[in-house]
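First the structure, in the form of structure tokens, and then the observations on it.
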Amino acid sequence: DYYQEGPWFYKHGNHYYLAFASTCCPEGIGYAMSDSPTGPWKSMGHIMDRTWRTRGNHPGIIEYKGQSYIFGLNYDIMHLSTFRHHERRSVSAAPMYYNEDGSIRKVPYWLDNVLEQVEPFNPFARVEAETMAWGYGLKTIETGSDIYVSNIDEGEYLKLKGVDFRKGASRFEASVSNSRGSTAYIEVHLDAVDGPLCGTLKIDPSKGFKTVSCSLKDAKGVHDLYFVFKGEAGRDLFIWDWWRMR
């Protein structure tokens, strides 16, 4: 009754499910259930109601460590700068729950959910720079199989939540390329953009990517991590591939 596009087919328990973007516009997330993968299917209404805040809400549903999650699309980040429509969708996620009969409980709109972090983030493994809980103004570029963070400007930042420094991290290293002609910096802050400063990574001009590092102090326990970018205003500062703590 509500089908538009973007189907997601899966099995949970003894039931088969078909979730989809519901009739546009705006789009919610509808679903149907069946006891067989080939049907017949029963329309079950909406998992997420239609709302003016979104369109193109294509779903994906997974289970991880005993908890079900639903993923979809929204324009909330784009709306921070414009309400003129562009196809600039961002991915959101929310916890999802089933009733005893297998039907799915209604999920509020993405921004109206509380999504708890599943486990602390490990900074001691190599981390791709595009990994973030929040970043604004940044973009990515793709070269073959590699993805880099670009459009890094003075005063912008990248945030990761719930980073576990354990008993302490003493160094921060990153693979960067600075062909812009002026020195740039990554400040490492805890818990806020202007929170405690643990270290400052200096990025001198160079040809191609190189790995640079700096010392850290007082980086221990679990904190939100902020990388704050500093340099000459009005120009892209550098391109960033990956980072890790030691």
Those residues of the range 94-118 which are charged (D, E, K, R) and in contact (Cβ under 8 Å) with a residue 24 or more places away in the chain, in sequence order: K106
So which residues in the range 175-218 are under 20 Å from E154 (Cβ atoms), of a type in the set (A, V, I, L, M, F, W, C) and within 22 Å of the chain's Cα centre (by Cα), if there are any at all? V176, I186, V188, A192, V193
Quick check: is even one residue across the range 93-112 part of a loop (DSSP other than H, G, I, E, B), under 30 Å from T140 (Cα atoms) and in contact with a Gly (Cβ under 8 Å, 6 or more places away or on another chain)? no
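Would you say I77 is modelled with pLDDT of 95 or more and either out of contact with any Leu (no Cβ under 8 Å at 6 or more places or on another chain) or of a type in the set (D, E) (or both)? Lay out the reasoning, then the answer.
Working: modelled with pLDDT of 95 or more: no; either out of contact with any Leu (no Cβ under 8 Å at 6 or more places or on another chain) or of a type in the set (D, E) (or both): yes.
For I77, the condition - modelled with pLDDT of 95 or more and either out of contact with any Leu (no Cβ under 8 Å at 6 or more places or on another chain) or of a type in the set (D, E) (or both) - is not met.
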Quick check on my filter: what residues within the range 116-137 are surrounded by fewer than 12 Cβ atoms within 10 Å (Cβ to Cβ) and in contact with a strand residue (DSSP E or B) (Cβ under 6 Å, 6 or more places away or on another chain)? Q117, R126
Across the range 20-42, which residue is surrounded by the most Cβ atoms within 10 Å (Cβ to Cβ) among those that are farther than 16 Å from N99 by Cα and aliphatic (A, V, I, L, M)? I29
A careful count of residues in the range 205-246 that are crowded, with 22+ Cβ neighbours inside 10 Å and either acidic (D, E) or without any contact (Cβ under 8 Å) to a residue 60 or more places away in the chain (or both) gives 1
So, of the residues in the range 183-204 that are among the small types (G, A, S) and touching a Leu at 6+ places or on another chain (Cβ under 8 Å), which turns out to be surrounded by the fewest Cβ atoms within 10 Å (Cβ to Cβ)? G199
Please state which of the following conditions G39 fails to meet, knowing it meets all the rest: (1) under 30 Å from the mean Cα position of the chain (by Cα); (2) over 19 Å from G72 (Cα atoms); (3) not in a strand (DSSP E or B). (1)
If I ask for residues that are loosely packed, with under 13 Cβ neighbours inside 10 Å and either in contact (Cβ under 8 Å) with a residue 40 or more places away in the chain or of a type in the set (G, A, S) (or both), which ones from the range 138-161 would you list? I141, G144, S145, D146, G155
With assigned by TED's automatic domain parsing to the domain that holds V91 and touching a helix residue (DSSP H, G or I) at 6+ places or on another chain (Cβ under 9 Å) as the only criterion, which of G72, G45, G60, G66 stands out? G72
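The values are calculated or read from the model by the stated rules, or taken from the named source; none is laboratory data. The structure displayed is predicted, hence computed values, not measured ones. For neighbour counting, all protein chains shown are included, and Cβ atoms are generated from backbone atoms with ideal geometry for every residue, glycine included.
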